Amino acid sequence: MEKVSVKKDIVIIGAGMAGLTAALYAGRMNLDTIVLENAIIGGQIANAVGIENYPGFEKVSGKELIETVQRQAEKFGAVIDEFDVIERIELQNKIKLVETANYIYETPAVIIASGMNRRKLPLAEETKYAGRGVHYCELCDGHMYQDKIIAVMGGGNAAVDAANFLTKYANKLYLIHRSQFRADEISQEKLRQNPKVEIFLETEITKLMGDNRLRKIEIFDKKIQSSKILDVDAIFVNIGVEPNNHLFKDQIKLSERGHILAAEDCRTNLEGVFAAGDIREKEINQLTTAASDGTTAALLAEKYIRKLNSR
């Protein structure tokens, strides 16, 4: 069956904090707005148990925060289409095309807020313990493990920084990495000097164990070819991220890391195309910066559309 073509003032790709904030502002400016999300609304942050660093909330779950922003966006007329998978995007022309499984959207402006995914712990038991001892956001969930035993998986700067951060909560902390450190020497030294920390390099995590929560992990030391069991209350996985760029990577300028090159005004190298949130190449990735990007992208997209219509 032939797909229906639908005209929209603006199409927003991704329904995380950046995308939903952009939708809120676009809706308030009376733009006919649709948000397309291939997976769950909220992205990674939807699974955060307790957020204490978002202004206006002493403590809020990721689910509650995202649902609030979603209601605000929908109140102002934005339509959020979840699970209608995007199949193709054409961004170079004045009118951009975004084709999903069901529709072909025609629009003068696109905000890409597709985010990125942390690489998952590559073990069969990961899904069983996700959110129940297996976590991917130390800033969101670390505080739940005050005076507990925490493990961190990874050896780059992000993992070592996460481990240093989590020592403020942990009674004991294990850093486990399959090879040698890639983090900078200053961060490594800070971690090594902390008496709470025990480091396992050249070591793999081979099994997760517990009842309804994670209780133990099995590790394998590749140097001595020996396994052992560690009691843990949580493991924070930081083994890299992957930007969600596969739909547009051949059309738009990307950084070496695969993120979209766009300045603080969120404008990309393509007219009418804006990037917001974690998909944008930038130094700081937080909920607040994602919301800021969404705001900026929507306001400047509206200005771009208004300029087109005045010609």
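The values are calculated or read from the model by the stated rules, or taken from the named source; none is laboratory data. Model, not experiment: these values are computed from the prediction. In this analysis, Cβ positions are derived from the backbone assuming ideal geometry, glycine residues included, and neighbour counts consider all displayed protein chains. In case anyone asks, the SASA skips ligands and DNA or RNA and just uses the protein heavy atoms, side chains included. Shrake-Rupley method; radii C 1.70, N 1.55, O 1.52, S 1.80 Å.
A few points about this structure:
- Matching entry among GLY154, GLY142 (being surrounded by 14 or more Cβ atoms within 10 Å (Cβ to Cβ), of a type in the set (Gly, Ala, Ser) and at negative phi): GLY142
- Hits in the stretch 98-122 - residues which are aliphatic (A, V, I, L, M) and at pLDDT below 95: ALA101, MET116, LEU121
- Any hit, the stretch 94-114, residues being surrounded by 16 or more Cβ atoms within 10 Å (Cβ to Cβ), in contact with a Gly (Cβ under 9 Å, 6 or more places away or on another chain) and at positive phi: no
- At least 1 residues being modelled with pLDDT of 95 or more and acidic (Asp, Glu) is the threshold, and among the strands (runs of 3 or more DSSP E) wholly inside the stretch 201-304 those reaching it are 203-210, 214-221, 226-231.
- Pair list, Cβ < 8 Å and 6+ apart or interchain, from the stretch 244-266 residues that are of a type in the set (Ser, Thr, Tyr) to residues that are open to solvent by 40 Å² or more (accessible area, probe 1.4 Å): SER255/LEU261; SER255/GLU281
- Tally, over the stretch 81-93, of residues that are open to solvent by 10 Å² or more (accessible area, probe 1.4 Å) and not in a strand (DSSP E or B): 4
- Residue match in the stretch 141-148 (condition: in contact (Cβ under 8 Å) with a residue 12 or more places away in the chain, among the polar types (S, T, N, Q) and assigned to a loop (DSSP other than H, G, I, E, B)): yes
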